[in-house]
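Working notes for the structure below.
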Amino acid sequence: MLLMPQRDWQWIYNDSYGVLSVSLGSDMEFLTPYKTKALIPDALATTEFNVDHAKFYIEFIERIGKSLNIADAVRVQLALNATAAHFLLKPQMPKSWFFETSAVCVYSELGKVFQLKCQGEVVQVLVVESNIQASLVMLLSPELCLSDSKAMRQFDCIKVMNDRLHPLKANRQIAAA
């Protein structure tokens, strides 16, 4: 079942877990993976899940439904994390040096899935924010080691230049006549 935004939804910084959360009414709270260091100052105070957030969330739910065949609960999880990342994470500079350049020119858009290649490892990412030169992407894979001292966990976001995004391999079936 897909959760649709309600008037009583709000962003709350959960001190107990040290992450941003979404209060989904009186008896439900969704914890994002985003800690204080990554958040804009406004995210540390209770704020409403406003019309712009709801519009983005609904559009994201629809877009990932077309690109990923996943359960509704996972779609909701991805959409809530993407909404938090889009509106409440600090702006980032691209960190493309971690990733291999793609030989294929891609068109990046919200909700599209790509691969990133880093030190021989290939992971899947989901576009949360896109412009003509770079995209903010969310890691779908369980983890990614960027260097000896830096790693990403599932749902962490990183900004990369679009020339680092590799298209997913299409499963092609050839029918012989």
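Counting only protein heavy atoms and a 1.4 Å probe, the chain has 59 square angstrom of accessible area per residue.
Cross-link list LYS37/LYS66; LYS55/LYS150; LYS66/LYS90: which exceed 31 angstrom alpha carbon to alpha carbon? Correct reply: LYS37/LYS66; LYS55/LYS150.
Helix 72-88 and the longest principal axis of the Cα set of the chain meet at an angle near 80°.
Residues whose amide H comes within less than 5 Å of that of GLU129, counting only those at least five positions distant or on another chain, are LEU136 (H built at 1.01 Å from N in the peptide plane).
Per-atom-type breakdown for the stretch 101-164 gives carbon and sulfur 48% of the accessible area (1.4 Å probe, protein chains only).
In a reduced charge model with +1 at each Lys and Arg Cβ and -1 at each Asp and Glu Cβ, the stretch 84-177 shows a dipole moment near 80 debye about its Cα centre.
Toward the positive end of the charge dipole of the stretch 45-177, with +1 on the Cβ of Lys and Arg and -1 on the Cβ of Asp and Glu, the farthest Cα among LEU89, ASN50, LEU168 is that of LEU168.
A simple charge model with +1 on the Cβ of Lys and Arg, -1 on the Cβ of Asp and Glu and nothing else charged puts the dipole of the chain at about 580 debye relative to its Cα centre. Amide H to amide H distances under 5 Å link SER21 with ILE12, TYR13, ASN14, THR32, where only residues 5 or more positions off or on other chains count and H is placed in the peptide plane. In this rough spin-label picture, where each label sits 7 Å from Cα along the Cβ direction, the ALA151-MET28 distance is 3.2 nm. Along each principal axis, taking the top coordinate minus the bottom one, the Cα set of the stretch 11-50 gives 27, 21, 13 Å in descending order.
For LYS169, a cut-off of 19 angstrom between C-alpha atoms picks up these aspartates and glutamates, skipping any fewer than 8 places away in its own chain: GLU100, GLU109, GLU121. Between LYS117 and GLU62, the distance separating the two model label sites (each 7 Å from Cα on the Cα→Cβ line) works out to 3.5 nm.
Here the Karplus relation 6.51 cos²θ - 1.76 cosθ + 1.60, evaluated at θ = phi - 60°, turns the backbone of the stretch 97-109 into coupling constants of 4, 6, 10, 6, 6, 8, 7, 10, 7, 10, 9, 8, 8 Hz, with x for every Gly and Pro. Convex hull volume of the C-alpha atoms in the stretch 86-177, normalised per residue: 123 Å³. Ellipsoid fit via the Cα gyration tensor, the chain: semi-axes of 29, 20, 14 Å, each the root of five times an eigenvalue, largest first. If I fit a long axis through the Cα atoms of helix 51-67 and take the longest principal axis of the Cα atoms of the chain, what angle between them do I get, 0 to 90°, rounded to 10? So the helix axis and the longest Cα principal axis differ by about 30 degrees. Under a plain spin-label model, where a point goes 7 Å from the Cα along Cα-to-Cβ, how far apart in nm are LYS95 and TYR17? Spacing of the two 7 Å Cα→Cβ label points: 2.2 nm.
The values are calculated or read from the model by the stated rules, or taken from the named source; none is laboratory data. Please read these numbers as outputs of a predicted model, since none were measured by experiment. Methodologically, a virtual Cβ is constructed for each residue, glycine included, from the backbone with ideal geometry; neighbour enumeration extends over all protein chains shown. Surface accessibility is based on the protein's heavy atoms, side chains included, excluding ligands, DNA and RNA. Shrake-Rupley method; radii C 1.70, N 1.55, O 1.52, S 1.80 Å.
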